[in-house]
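A quick write-up on the structure given underneath.
The values are calculated or read from the model by the stated rules, or taken from the named source; none is laboratory data. None of the values given here were measured: they were computed from a predicted structure. Counting neighbours? That spans all protein chains shown, and the Cβs are built from the backbone with ideal geometry, glycine included.
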Amino acid sequence: MKKKSGGTEVMHALEEAGGARSGVARAVSGQTGVPEATLYGVSTFYTLLAKPDVELRICQGTSCALAGAFEHIAEARANGVKVEAVSCLGQCDRAPAALDARLEPVIWGGEGHVLPADPELPIDLGGADTAEWSALEKAKRIGAEAVIDEIRAAGLQGRGGAGFPAHIKWSGVRSQAETERYVVVNADEGEPGTFKDREVMLRRPHRMLEGLAIAAWAVGAKVAWIYIRGEFQACRRALERALAEAKPDLEVRFYDGHGAYICGEETALLESLEGKRGMPRLKPPFPTEAGLFGKPTLIHNVETLACVPAIVERGGDWFRGLGRTEAGSKLYCISGHVEKPGVYELPIGVTLEELVQHAGGYVGTPKAFSPGGASSGFLPMAFRDTPLDFKSLQAAGSMLGSAGVVVLNDSVDMAEAARWGQVFFEDETCGQCAPCRIGCSLQRQSIDRYLADRDAEHLAHVGVVHGEMDEGSICGLGMTASLPLLSAMKHFPGDFV
Amino acid sequence: MKVIIDGEAVDFELGETVLEVAQRVGRSIPTLCHEKRLDPVGACRMCLVEVQGQRRLQPSCTWKATEGAVITTQSQRIDTHRQVLLSMYVADHAVDDQGLPKQRGVGNQLRDQVLEYGTGPQLPQLPLRRAVREHDANPYIHFDAEACVLCAACVRYCDEVEAVNAIALVERGGRTTIGTADQQGLLDSSCELCGGCIAVCPTGAMTERPSLGIPPAPEPIRSTCNFCGVGCQVDLHVTDGRLTRVTSPPPGTTVNDGNLCVKGRFASEFVHHPDRLQTPMVRRNGVLEPTTWEDALQTAAKGLLGVKRRHGADALGFVSSSRCTGEENYLMQKLARAAFGTNNCHQCAAT
Ligand SMILES: Cc1cc2nc3c(=O)[nH]c(=O)nc-3n(C[C@H](O)[C@H](O)[C@H](O)COP(=O)(O)O)c2cc1C
Ligand code: SF4
């Protein structure tokens, strides 16, 4: 009997052998027992495997587009370089960004900023990162139940985008009858405008790893997986160094992503980890009940875990009190038309105005901002004083998501900016369900046709199509994929006349 | 145990899905990716229903019926969802002069559903983004990417029923298509050309190459496949006196449960072949002549008895065809042993 998937080894084997190159599927099938067609289906799903010969990958995310990425792409092409325009590389603060053939960053922009060291900040990106791990000791002293109580008291909401209360997932996994359990770190940061997890892993790897160790211990998991964006080689090195220093009593395994934004969605991530195409699963069952290889699994974003040590150390109430409109502090990424793009750890509920002050002010006259990555669409400056939190932004028809804030000034045509967002979603939909697969293409086609002749007829069905993508899609990608275009049309009618 | 379907309390068995229960009590719920023999995947999104307490519509093909659950299969919300979704499918599909999904192969359920449930606004057509294997020289299975809705029933059938895995979903997003390793032709893959992918395809994107463009016969003739002793039932599609296509009766109705092999489905050229034997023949003075069954059997019996008289019974050997059934094989060995007195008997499929 043939195996449906080769498990966690398959992707690595495909990468080593040359991805979607001819003959690779057959060779790897021989090694792994996975059918060759299935393997070819896997290779062609992941950008990094599908195109193994690319020499230069230039980011076409919003911030990089604003910083001249398309000129760089044209230039490289003219020079005969095998160049590929790719989805956001998570380097928006250093835009425009690119990766060389070895996936190491080529940076044309400046360095990103963080706040100076401050021991009152839970993650404290500017602080010294040490292998002390005193919070883990304290956790073991007070016991798992008490730790989960502190997480509940802290009001810690998932930082990956959905804002789901962390303690519910911890209790959920802990209470399963099955004792083989996993913790998975979602380090696949891919939402355009977002680069906070990258900074956490580079600057505070111990924070995240200690949070991971506490979580694993509290839910009774002996193995942890870190699913890390393949483009984040430097982060992986930082984490490996930190692990070697701390030598935790936990088996930590790394898994490189291979270029698919959708694998940030937790169940697509699990499929990918199992060596398959990263297509989201139907929920329920939720991963807490049936996750990796069908076992109870706690999945958390890098930032969520990095909040845990301080919560255990200083108490849940302390963390909750750091927030202004909701619980805790938050890593806000800011890029685009601001002076000092970077990651700023601020109370949840700060406004755009305050955030931009930290980021050195606007460049030019601001026109629009995207508060939480491409999936959050655009808001006009009338919302500059709206608290950047989960509830307020939802009420504004947008979302905090991953808090990847991008500012656009009045040099930008919002119809053009909307197009960048729709290109992103058309490139990144997994294609499994029809509303999203077909809808993403229809929306991108509509804005392209509109830009070609400025005839508003082309936009007549954007709303209806969005309605069905929201109603019928399997996962969050399809539900929000029309927002760049829809919100631009709603808030910037002047750019659509 | 009862589940409430559109206000009606309906008995169900543990493990039954909402789709199964609803269909049992006569609700019409459209599906594209659903196929009884395959694990449900909830991907085509046609079968979504309202489940009380759930904010989102849920796929009835995967949602299990539970005690007291309140399900709605008919509502304005569901109508709108279905109609807009059908508009989107049509925008991504080959259409005919009337803008309807093209009819091909043994039918197009997408077309049927558009006609039954109606569509939302007419959306601009999308260009074809799915790759086809143009160089695929296999004689039997044709893949028409323009008519594919990516329900992946073919891929799942090839995996879950046949365990052959010749085809898979390849590429991503709108470029996703049904492909093979390196997009080689089916003859260079593990494909056994059973054509089950054709049988499970809801839209006719997978079709029989020899019958391309020929519509199914309205009343196919039920017969038994003559290629082996299994006795698979076949439906013979006859158009203008010629056999144009062989399909299996629906799953769950006959011994072959909807399946056929490459011979049963495709190897029917012999039916109209000029060399086909149509009457018994006897060779006299080195020349084959048509004759009656009576004469042919008498001639054979005489010859066999002659060998036995001259050389003894063990000079005879009896080999039966792999096309014979168990009963026929039994009769054949009985003939060898009881009538002719030799144990020299064999069945060609036994080696
Ligand atoms: C399309 C899509 C993309 C996502 N991408 C990411 C991502 O890159 N990183 C991440 O941590 N969560 C991402 N998520 C959210 C995850 O599904 C999941 O909610 C999260 O990893 C849970 O961790 P948390 O509770 O710590 O936030 C994404 C969700 C969707 C629907
Ligand atoms: S909504 Fe889009 S990304 Fe999510 S499962 Fe469906 S096709 Fe895939």
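Among the helices (runs of 4 or more DSSP H) confined to the stretch A:357-458, the ones with at least 3 residues that are within 16 Å of ligand 2 (Cβ to nearest atom) are located at A:414-428, A:434-453. Just to verify a result, which residue in the stretch A:404-429, among those that are within 14 Å of chain B (Cβ to nearest Cβ) and of a type in the set (Asp, Glu), is surrounded by the most Cβ atoms within 10 Å (Cβ to Cβ)? This residue is A:Glu428. Scanning the stretch B:149-184 for residues that are on the phi < 0 side of the Ramachandran plot, aliphatic (A, V, I, L, M) and facing chain A (nearest Cβ under 9 Å) yields a count of 9.
Looking at the structure I just gave you, is B:Gln58 polar (S, T, N, Q) and more than 25 Å from the chain's Cα centre (by Cα)?
On the way: polar (S, T, N, Q): yes; more than 25 Å from the chain's Cα centre (by Cα): yes.
Spelling it out, B:Gln58 is indeed polar (S, T, N, Q) and more than 25 Å from the chain's Cα centre (by Cα).
The number of residues in the stretch B:81-92 that are farther than 15 Å from A:Ser473 by Cβ and more than 7 Å from every other protein chain (Cβ to nearest Cβ) comes to 4. Report yes if some residue within the stretch B:53-73 is without any contact (Cβ under 8 Å) to a residue 40 or more places away in the chain, of a type in the set (A, V, I, L, M) and within 12 Å of chain A (Cβ to nearest Cβ); otherwise report no. Checking the stretch B:53-73: at least one residue is without any contact (Cβ under 8 Å) to a residue 40 or more places away in the chain, of a type in the set (A, V, I, L, M) and within 12 Å of chain A (Cβ to nearest Cβ).
What helices (runs of 4 or more DSSP H) completely inside the stretch B:232-351 contain at least 1 residues that are under 30 Å from B:Pro139 (Cβ atoms)?
Working: elements: B:262-266, B:293-311, B:326-334.
Correct list: B:262-266.
Considering B:Val161, B:Val114, B:Val132, B:Val155, the condition of being farther than 21 Å from B:Thr80 by Cβ, in contact with a Phe, Trp or Tyr (Cβ under 9 Å, 6 or more places away or on another chain) and β-branched (Val, Ile, Thr) is satisfied by B:Val132 alone. If the condition is being more than 19 Å from A:Ala434 (Cα to Cα), modelled with pLDDT of 95 or more and either part of a helix (DSSP H, G or I) or more than 14 Å from ligand 1 (Cβ to nearest atom) (or both), then the stretch A:259-284 contributes A:Gly264, A:Glu266, A:Leu269, A:Leu270, A:Glu271, A:Ser272, A:Leu273, A:Glu274, A:Gly275, A:Lys276.
Please work out if A:Pro341 is in contact (Cβ under 8 Å) with a residue 40 or more places away in the chain and either aliphatic (A, V, I, L, M) or within 19 Å of A:Glu189 (Cβ to Cβ) (or both). In short, yes.
Every residue, every condition in (1) touching a residue at least 60 places away in the same chain (Cβ under 8 Å); (2) closer than 28 Å to A:Pro371 by Cβ; (3) outside the structural domain of A:Ile226 (by TED's automatic domain parsing), yes or no:
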residue	(1), (2), (3)
A:Glu265	yes, yes, no
A:Glu274	yes, no, no
A:Gly278	yes, yes, no
A:Thr297	yes, no, no
A:Thr304	yes, yes, no
A:Glu326	yes, yes, yes
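Within the stretch A:207-237, the only residue that satisfies the criterion of being touching an Asp or Glu at 6+ places or on another chain (Cβ under 7 Å), part of a helix (DSSP H, G or I) and surrounded by fewer than 24 Cβ atoms within 10 Å (Cβ to Cβ) is A:Gln233. Restricting the stretch A:83-116 to residues that are of a type in the set (D, E, K, R) and in contact with a helix residue (DSSP H, G or I) (Cβ under 7 Å, 6 or more places away or on another chain) leaves a set whose member that is farthest from A:Ala234 (Cα to Cα) is A:Glu111.
Screening B:Ser190 on (1) surrounded by 17 or more Cβ atoms within 10 Å (Cβ to Cβ); (2) under 11 Å from the mean Cα position of the chain (by Cα); (3) free of Cβ contacts under 8 Å to residues at least 60 places away in the same chain shows it passes everything except condition (2). Checked across the stretch B:169-177, the condition of being away from ligand 2 (no atom under 16 Å from the Cβ) and either assigned to a helix (DSSP H, G or I) or surrounded by 19 or more Cβ atoms within 10 Å (Cβ to Cβ) (or both) holds for no residue.
Filter the stretch A:455-477 for residues that are touching a residue at least 40 places away in the same chain (Cβ under 8 Å) and not hydrophobic (A, V, I, L, M, F, W, C) and give the result.
As a first pass, look at the stretch A:455-477 and keep what is touching a residue at least 40 places away in the same chain (Cβ under 8 Å): A:456, A:473-477.
Correct list: A:Ser473, A:Gly476.
Meeting the requirement of 1 or more residues that are of a type outside the set (D, E, K, R) and away from every other protein chain (no Cβ under 14 Å), the helices (runs of 4 or more DSSP H) wholly within the stretch A:33-132 are A:62-66, A:69-78. Would you confirm, using the coordinates I've provided, whether A:Cys333 is within 16 Å of ligand 1 (Cβ to nearest atom), in contact with a helix residue (DSSP H, G or I) (Cβ under 9 Å, 6 or more places away or on another chain) and in a strand (DSSP E or B)? The answer is yes for A:Cys333. Count of the stretch A:280-313 residues, restricted to those that are within 16 Å of ligand 2 (Cβ to nearest atom) and basic (Lys, Arg), is 2. Selection within the stretch A:430-476: residues that are more than 10 Å from chain B (Cβ to nearest Cβ) and crowded, with 24+ Cβ neighbours inside 10 Å. The member of this set that is nearest to the chain's Cα centre (by Cα) is A:Gln443. Of A:Leu269, A:Leu273, all but one fail to be away from ligand 2 (no atom under 13 Å from the Cβ), away from chain B (no Cβ under 11 Å), crowded, with 20+ Cβ neighbours inside 10 Å and hydrophobic (A, V, I, L, M, F, W, C); the exception is A:Leu273.
Go through the stretch A:1-32 and report how many residues are of a type in the set (Gly, Ala, Ser), assigned to a loop (DSSP other than H, G, I, E, B) and free of Cβ contacts under 8 Å to residues at least 12 places away in the same chain. Explain how you work it out, then say what you get.
Of all residues in the stretch A:1-32, those of a type in the set (Gly, Ala, Ser) come to A:5-7, A:13, A:17-20, A:22-23, A:25, A:27, A:29-30.
Still in the running and assigned to a loop (DSSP other than H, G, I, E, B): A:5-6, A:18-20, A:22-23.
Add one more test, that the residue is free of Cβ contacts under 8 Å to residues at least 12 places away in the same chain, and what stays is A:22-23.
The number of residues fulfilling the criteria is 2.
Tally the residues that are among the charged types (D, E, K, R) and not in a strand (DSSP E or B), restricting the search to the stretch B:184-231.
Step one: of the stretch B:184-231, the residues among the charged types (D, E, K, R) are B:188, B:192, B:208-209, B:219, B:222.
If we keep only those that are not in a strand (DSSP E or B) too, we end up with B:188, B:192, B:209, B:219.
Within the stretch B:184-231, residues that are among the charged types (D, E, K, R) and not in a strand (DSSP E or B) number 4.
When restricted to residues that are touching a helix residue (DSSP H, G or I) at 6+ places or on another chain (Cβ under 7 Å), at negative phi and more than 14 Å from every other protein chain (Cβ to nearest Cβ), the stretch B:185-204 contains 4.
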